[in-house]
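Notes follow the structure.
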Amino acid sequence: MLVAMANHNRPTGNWNPVGKSAIWTKSGQLICADESQNALVIAELKGNDWIGQVINL
């Protein structure tokens, strides 16, 4: 099973965001953007395994 969490990293309204969009694979691999990084966290199913990457924008 893949677990994903998406969040924004810039203030909006009165909310202070925390960033750190991330995915966790079934093997326990964590792929995570940091608090201020403008990035996409990408997950791809290859065969029976999930792989991930962070792409900075």
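Here the dipole of the chain is about 60 debye; that uses its Cα centre as origin and unit charges on the Cβ of Lys and Arg (positive) and Asp and Glu (negative).
Highest mean packing first, where packing is the average number of other Cβ atoms within 10 Å per residue, the peptides 28-35, 40-47 line up as 28-35, 40-47. Distances between every pair of Cα atoms in the chain, grouped in 5 Å steps from 0 to the bin holding the largest one, split as 4, 21, 27, 19, 14, 8, 4, 2, 0 percent.
Legend: ranking of residues T25, T12 from fewest to most surrounding C-beta atoms inside 10 Å; resulting order T12, T25. Here the residues V54, V3, ranked from fewest to most Cβ neighbours within 10 Å of their Cβ, fall in the order V3, V54.
Only the coordinates and a few stated rules stand behind these numbers; no lab work does. Since we're looking at a predicted model, the values are computed, not measured. Please note: Cβ atoms are built from the backbone with ideal geometry, for glycine as well, and neighbour counts cover all protein chains shown.
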